[in-house]
Amino acid sequence: MDTCKVLAVETSCDETAIAIVENGKRVLANKVLSQIEIHKVFGGVVPEVASRHHLEGILPLVEEALEEANCTLDEIECIAVTNGPGLVGALLVGVSVAKSLAYGLNKPLVPVNHLAGHIYACFLDNPVEFPLVALIVSGGHTDLIYMDKHLSFEIMGQTRDDAAGEAFDKIARAMGLGYPGGPVVDKRAQKGDASAIGFPRVFLEKGSFDFSFSGLKSAVLNFLHNSEQRQEAINVDDVCASFQQAVVDVLVDKTIECAKFKGVDNVIIAGGVSANSGLRKSIEKRCNEEGLNLFRPSLSLCTDNAAMIATVGYYLYKAGVRADLELNAYASMPLG
Ligand code: KG4
Ligand code: ZN
């Protein structure tokens, strides 16, 4: 069988990542150099600091990935790179390295949308079938997407303000739980009572698949502020559990509604927030009740990585998509 090894580069936010994947499926290397500890000090990602660390870490990571995959640059068939959406300075580092590799090795260059990458993380360890509805929940995005075949993306809904992960990060910050907030809130929520505080669920107008989390975020911030003013003790576990349940209820409801609206049998959840234990449990239960097949990436593939970019890169490459050396890093880019 013909083998096609794709080397992928991902630097859209605070993870420097290089992967080598064979035929869009077999992960030979998946190296992620996380900058979380660096940005923790600032309570969030500082774009300029992220770019500098990508620059420092990326070339040794290419070497490590090749070593782990036990392959040489000659064996690589094409270079895939995330060119948006993301932090433009951070993207620029990855795009420059990918362009240099493609030019120096005379190999094709394939541009990949980061969000498509999150969806395709599911394809790495699941027998995903079309048509499907995908919920992408990350630090920067909350999107519902319909796909009837590979590389065909119809955006059904998007957040009108904060992304789900952003809301997790902001309320965690307000409670001094550190950065990134999602994993900590998730852990604390498991010890709390989800019905302790009645935070709002915003469903927007009937039939809309859009999301809005800024009202919920403000409700949590107001609750914290008012409790402080009244000198009432705050049960952090209960706040986390009640907030998380409010987010999960909306995410799950809209995803199931969207799947029904499109008449699909398959549902994907992807992106950093898809690692959330409450979301994973709740969507699994609802999909079972509704007779829908649910596909989730393994936990390590939920957050940013380059294996997911290599997988999309493989399908794009096979479809003949190529970028030239004029390829730019765009802060936002349409899906597809
Ligand atoms: O997909 P990702 O790694 O980067 C972006 O493309 O944004 O997602 C990062 C986001 C952060 O907001 C982080 O707090 C959130 O995913 N996250 C979680 C969990 N793990 C990561 N949110 C809720 N529960 C989790 N277990
Ligand atoms: Zn991401």
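Derivation of every value follows stated rules applied to the coordinates shown; laboratory data play no part. From a predicted model like this one, the values you see are computed outputs, not experimental measurements.
Considering only DSSP beta bridges where both residues belong to the range 66-153, give the percentage that are antiparallel (nearest 5).
Looking only at bridges with both residues in the range 66-153, the antiparallel portion is about 55 percent.
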**Item:** Per-residue HN-Hα couplings for the range 319-335 [Karplus 6.51, -1.76, 1.60; θ = phi - 60°; Hz; x = Gly/Pro]
**Value:** 7, x, 6, 9, 10, 9, 6, 7, 3, 10, 9, 10, 5, 9, 8, x, 6
**Asked** Antiparallel as a % of all DSSP beta bridges within the range 128-296, to the nearest 5?
**Response** 55
**Message:** Quick check: the angle from helix 236-262's long axis to the longest principal axis of the chain, C-alpha only, nearest 10 degrees?
**Reply:** 60
**Message:** What do you get for the angle between helix 114-124 and the principal long axis of the chain? Use alpha-carbon atoms, 0 to 90 degrees, nearest ten.
**Reply:** 80
**Message:** I'm a student and want to see the number: the projected area of the Cα convex hull of the chain, averaged over all directions, in nm².
**Reply:** 17.0
**Item:** Between the range 109-151 and the range 298-336, the Cα center-to-center distance that results, in Å
**Value:** 11
**Complete:** Restricting to Cα pairs under 8 Å and 6 or more apart, the percent relative contact order of the chain works out to 26
**Most mobile of Ala164, Ala50, Ala219 in a GNM of the chain (Cα contacts under 10 Å)** = Ala219
**Asked** How far, in degrees from 0 to 90, does helix 47-69 lean away from the longest principal axis of the Cα atoms of the chain, to the nearest 10?
**Response** 50
**Message:** Amide H of Val81 versus every other amide H placed in the peptide plane: which residues, excluding those fewer than 5 positions away on the same chain, fall under 5 Å?
**Reply:** Val9, Val110, Val112
**Fill in**
The ratio Rg/Rh over the Cα atoms of the range 31-167, Rh being the Kirkwood inverse mean 1/r radius, stands at 0.99
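Wrap a convex hull around the Cα atoms of the range 43-93, take a quarter of its surface area, and give that in square nanometres.
The Cα convex hull of the range 43-93, projected and averaged over all directions, gives 4.5 nm².
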**Request:** Determine one quarter of the surface area of the Cα convex hull of the range 128-296, which equals its mean projected area, and express it in nm² to one decimal.
**Result:** 9.4
**Item:** Selected from Ile234, Ile268, Ile197 as most flexible by GNM, with the chain as the system and alpha-carbon contacts under 10 Å
**Value:** Ile234
**Request:** Quickly estimate the mean residue ellipticity at 222 nm for the chain, helices only: each DSSP H run with n ≥ 4 gives -39500 (n - 2.57), and the total goes over all residues, rounded to 500.
**Result:** -14500 deg cm²/dmol
**Item:** Square roots of five times the Cα gyration tensor eigenvalues for the range 5-48, Å
**Value:** 27, 9, 6
**Request:** Return the lysines within reach of Lys285: Cα separation strictly under 19 angstrom, same-chain partners fewer than 8 residues apart disregarded; answer none if there are no such residues.
**Result:** Lys254, Lys260
**Item:** the chain - share of DSSP beta bridges that are antiparallel (%, nearest 5)
**Value:** 60
**Fill in**
With Cα springs under 10 Å, the Gaussian network model of the chain assigns the largest mean-square fluctuation among Val248, Val81, Val312 to Val248
**Request:** Quick one: which residues, 5 or more positions from Ala29 or on another chain, have an amide H under 5 Å from its amide H? H modelled 1.01 Å from N in the peptide plane, none for Pro or chain starts.
**Result:** Ile20
**Fill in**
Check: in the range 145-221 the Lys pairs 8 or more apart or on separate chains whose Cα atoms fall under 30 Å apart number 8
**Message:** Relative contact order for the range 128-296: what percent, with Cα pairs under 8 Å and sequence separation of 6 or more?
**Reply:** 28
